[in-house]
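The structure appears right after this line, and notes come after that.
The values are calculated or read from the model by the stated rules, or taken from the named source; none is laboratory data. None of the values given here were measured: they were computed from a predicted structure. With ideal geometry, Cβ positions are generated from the backbone for all residues, glycine too; neighbour counts draw on all protein chains shown.
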Protein chains: 2
Amino acid sequence: MDVFPLPIARIGIIGGGQLGRMMAKAAKRIGCNCVVLDPTPGCPAGQVAGHQIVGSYHDPSKLRELAESCDVVTFDIEDIDAETLIQLAHEGHNIHPAPTVLALLQDKLTQKRALVAAGIPTAAFESMPEPSSAAFAAFGYPLVQKACRGGYDGRGVAILKGPEDDAMQLPVPSLVERFIPAEKELAVIVARGLDGDHRCYPTVEMCFRPGKNVLDLLLAPAQIPAEVAAAAERLAVRTVEALGGVGIFGVEMFLTHDGELLVNEVAPRTHNSGHHTIEANVTDQFEQHLRAIVGLPLGSTEQLCPAAMINLLGAEGHHGRPVIRGMAEALAIPGVCIHLYGKAATAPYRKMGHVTILSHDIAQARQQAEVVRQLIEISGENHP
Amino acid sequence: MDVFPLPIARIGIIGGGQLGRMMAKAAKRIGCNCVVLDPTPGCPAGQVAGHQIVGSYHDPSKLRELAESCDVVTFDIEDIDAETLIQLAHEGHNIHPAPTVLALLQDKLTQKRALVAAGIPTAAFESMPEPSSAAFAAFGYPLVQKACRGGYDGRGVAILKGPEDDAMQLPVPSLVERFIPAEKELAVIVARGLDGDHRCYPTVEMCFRPGKNVLDLLLAPAQIPAEVAAAAERLAVRTVEALGGVGIFGVEMFLTHDGELLVNEVAPRTHNSGHHTIEANVTDQFEQHLRAIVGLPLGSTEQLCPAAMINLLGAEGHHGRPVIRGMAEALAIPGVCIHLYGKAATAPYRKMGHVTILSHDIAQARQQAEVVRQLIEISGENHP
């Protein structure tokens with residue numbers, strides 16, 4: 001019989017954004033305490049956790065302070081000083097997913113090479129340490145340029161359809177890959193436990209806002225044949241098994257017009273494509289992540305109700321204290337669940353919240369999501 | 001179009017127990033801030049809210065401090081200085097449910113009289129300001145004695161089957177009522193909005209631990225004919241409409257062997273019989289309460305999956321820092337969702353958490369709830 005004096009575990013979370021916030025809520029529910037490391041005092045996760053170390057994710061002394069005050073360390077972002085985490089893990093601190101896996105994935109070139117080495121299907125690519133029009137032309141258009149480091153939410157990615165787009169190129173060490181004219185973009189959330197047990201959430205479908213590369217609308221489950229969904233789930237599990245590591249992983253894929261599945265990117269953390277699991281699934285991705293890294297049994301990933309999800313992004317041109325319009329109108333629609341992240345200030349395209357729409361008819365959920373997107377606007381008190 | 005600068009509202013919560021804790025989580029999700037008034041520093045709700053006024057629910061100056069620092073005041077308990085709240089409401093502070101309704105309900109005698117005056121069916125009763133064996137005998141056994149004030153979780157209630165039970169009597173001003181040999185005990189959660197709109201959650205069935213009068217197992221939905229459930233919901237709405245007030249109300253009832261429904265008690269707050277709504281229903285009772293008192297539209301009360309719920313009570317004879325046994329074994333059962341309340345110390349029969357079990361087959365959910373009850377024990381570090 002297992003015995004835990006409470007708290008079950010003290011969890012250190014590097015990164016205090018919305019993912020850490022939802023994780024901290026789940027942590028309290030299952031009897032864990034949290035400490036958040038984030039440079040912004042009163043960050044979204046810190047407001048819920050109650051304990052925050054104010055500091056940079058790249059500050060070795062702060063990372064050490066966090067590790068020494070907790071039983072298990074995890075993260076809600078990838079742009080962290082992985083070398084220090086590797087050293088801390090080496091000294092015996094529990095850090096999940098493993099910092100070596102984080103280090104591998106946080107550089108998109110090493111990530112891509114690891115996927116290829118593991119036999120995971122992915123778009124053809126080349127390393128491009130010094131991007132130039134000549135190098136792009138040699139690789140051939142259309143192409144996707146990805147900065148090796150620091151990309152997030154569409155930053156660090158440029159789609160170059162032809163030489164006329166060269167002005168959009170990123171002047172940093174990159175990889176270039178074949179542009180895949182995908183039928184759909186899919187994502188699968190995989191949880192892997194300390195004992196190697198794994199659970200897969202049903203495949204979801206992601207729609208991106210043209211030109212912005214930020215997740216615009218999510219449909220869960222994906223509107224694809226069951227055998228394609230099953231293949232996507234098998235591929236996601238194979239990918240995570242190949243990488244190793246413990247916790248939640250978000251695996252993004254392309255479904256090509258030929259019905260081929262290609263892994264696009266892997267995130268070693270809870271993922272925007274799993275937010276609907278809070279309302280729609282038996283165990284949400286945040287509790288699942290905690291169960292995995294603490295060594296508790298993984299929970300059921302069954303989805304109880306179809307769902308659509310949209311992000312609430314800060315309006316263009318707006319900054320300062322957030323002002324939300326249309327919330328009451330949106331909440332009047334049955335099945336609308338609004339999550340706001342408690343960010344003190346908005347900025348253009350900043351993720352300020354999300355809305356999950358539950359409906360037994362996923363087409364209706366999608367339609368209502370479009371209505372909610374039109375209704376809700378997050379502006380700021382400081383704008384021109 | 002509605003416009004809210006964030007936070008949507010500052011919510012003051014009187015009482016920082018588990019109900020306030022779950023309310024504070026819901027509040028953050030929909031963009032509200034919370035301040036909790038509770039005498040215990042670091043109380044369950046305070047850990048999540050981030051802001052706590054340490055003080056008594058009976059201290060007029062603390063109640064005033066709370067009201068003056070918030071846009072809307074609500075409560076997670078009934079044993080509060082209602083006179084001060086009535087005065088604060090009179091001065092223009094938003095307090096929901098209305099303190100006059102709280103005052104009416106917190107005295108079980110005035111509650112009972114109000115129900116009768118509104119034509120709500122309820123067990124026959126008598127006021128008994130000075131309980132005595134002679135008075136009990138005159139009323140007739142079996143009877144239920146209820147202390148007028150301060151009862152909660154089975155405290156303040158004595159069931160006297162005959163004169164031999166007179167030693168269990170409570171030496172305080174009371175009412176006595178006919179003991180109802182109920183077929184089932186039911187509960188209906190009703191939400192009433194600022195605009196008078198109301199929503200009813202599906203009727204649930206409560207099983208009590210013999211002799212302890214603490215909710216032992218909840219089944220949602222109740223295993224009763226649809227027309228009885230519908231009648232219970234109509235009766236609950238009629239009861240809440242008669243009392244007035246805004247927010248969530250828990251209406252407990254007896255279903256007699258003759259199929260009659262009698263209202264037992266009304267709680268002007270979120271309720272133990274609605275905990276399963278967090279996982280099982282589209283809108284949980286805590287967010288629903290906040291939507292009501294803030295003036296946002298009420299959400300769907302639809303239940304997505306059958307559920308059973310058990311409370312996790314502190315083991316007999318145990319005190320001190322809580323120690324939980326069997327949690328991992330319980331979490332290995334699909335559909336098991338554990339909620340721990342973060343209380344610093346356990347005590348016999350103290351509510352330390354609850355478990356919701358989701359299953360498409362409610363008989364299986366019930367069976368698994370019994371398994372979980374056997375598996376999980378909450379003991380304390382200080383015990384004989």
#### Entry: Residue satisfying all of: in segment B:249-287; more than 10 Å from the chain's Cα centre (by Cα) and among the acidic types (Asp, Glu); farthest from B:Gly193 (Cα to Cα) among these
B:Asp258
#### Entry: strands (runs of 3 or more DSSP E) within segment A:65-174 that include 1 or more residues modelled with pLDDT of 95 or more and within 23 Å of A:Val237 (Cα to Cα)
A:72-75, A:125-128
### Task
Identify, by number, the condition in (1) surrounded by fewer than 24 Cβ atoms within 10 Å (Cβ to Cβ); (2) within 14 Å of chain A (Cβ to nearest Cβ); (3) of a type in the set (Lys, Arg) that B:Lys62 doesn't meet.
(2)
## Note on the structure
Matching residues in segment B:293-337 (in a loop (DSSP other than H, G, I, E, B), small (Gly, Ala, Ser), more than 9 Å from every other protein chain (Cβ to nearest Cβ) and on the phi < 0 side of the Ramachandran plot) number 1
## Note on the structure
Looking across segment B:257-278 at residues that are buried (at least 24 other Cβ atoms within 10 Å of the Cβ) and within 14 Å of chain A (Cβ to nearest Cβ), the single one that is farthest from A:His360 (Cα to Cα) is B:His275
### Query
Can you spot a residue in segment A:85-105 that is among the acidic types (Asp, Glu), outside the structural domain of A:Gly245 (by TED's automatic domain parsing) and surrounded by fewer than 24 Cβ atoms within 10 Å (Cβ to Cβ)?
yes
### Query
When you look at B:Thr301, is it among the β-branched types (Val, Ile, Thr) and either within 19 Å of A:Asn33 (Cβ to Cβ) or modelled with pLDDT under 95 (or both), yes or no?
no
### Query
Within segment A:310-330, is even one residue polar (S, T, N, Q) and surrounded by fewer than 24 Cβ atoms within 10 Å (Cβ to Cβ)?
yes
#### Entry: Set B:Gly193, B:Gly150, B:Gly162: member being small (Gly, Ala, Ser), in contact (Cβ under 8 Å) with a residue 40 or more places away in the chain and not assigned by TED's automatic domain parsing to the domain that holds B:Gly274
B:Gly150
### Task
Could you check B:Thr277 against (1) farther than 20 Å from A:Ala307 by Cα; (2) touching a residue at least 60 places away in the same chain (Cβ under 8 Å) and say which number it fails?
(1)
